[in-house]
1. Modelling each spin label as a point 7 Å along the Cα-to-Cβ direction, I'd like the E21/E35 distance in nm, to one decimal.
2. Considering only Cα-Cα distances, which of the following residue pairs are longer than 18 Å: K16/K100; K24/K100; K16/K108; K25/K108?
Amino acid sequence: MVDREKAKQQQSPDEKAWVLEFNKKYIEKPRVWRELGSKYTYMMGTPEVVRMTMLLNLFTAVLGNYAKEQTLDRAAYEKIWVYAFAWSLAGLMEVDDRLKFHKEILEKCGAPLPPITAQK
């Protein structure tokens, strides 16, 4: 985020507020860390600090691609946040638990998700 903050012409001045808002909406309000520790099974155990670092690294990497070309609005910014959030916290879960994470965390939080259809 430091690089984006230095490049004021390429970002919205509201980005800091959005990060705090999404942190409350997706992590603090649903008490994600407690839920993850008690209701989900990981294929490979990782400490919370590693998962949070993965979230920030993935989020920053995806933002970096857009920062060079355009200013993001809140809706696009939230979609990038949800992408990074879902993959960093649920990417190492068993398949059934990923589906449960989708329904119990992402859908309940009102995440902007694309529709899921059965694959043929």
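1. 2.0 nm
2. Working: K16/K100 30 Å; K24/K100 21 Å; K16/K108 24 Å; K25/K108 10 Å.
Beyond 18 Å: K16/K100; K24/K100; K16/K108.
Readers should treat all values here as calculations from the given coordinates under stated rules, not as data from a laboratory. Everything numeric in this text was worked out from a predicted model, so none of it was measured. We place every Cβ from the backbone using ideal geometry, glycine too, and count neighbours over all the protein chains shown.
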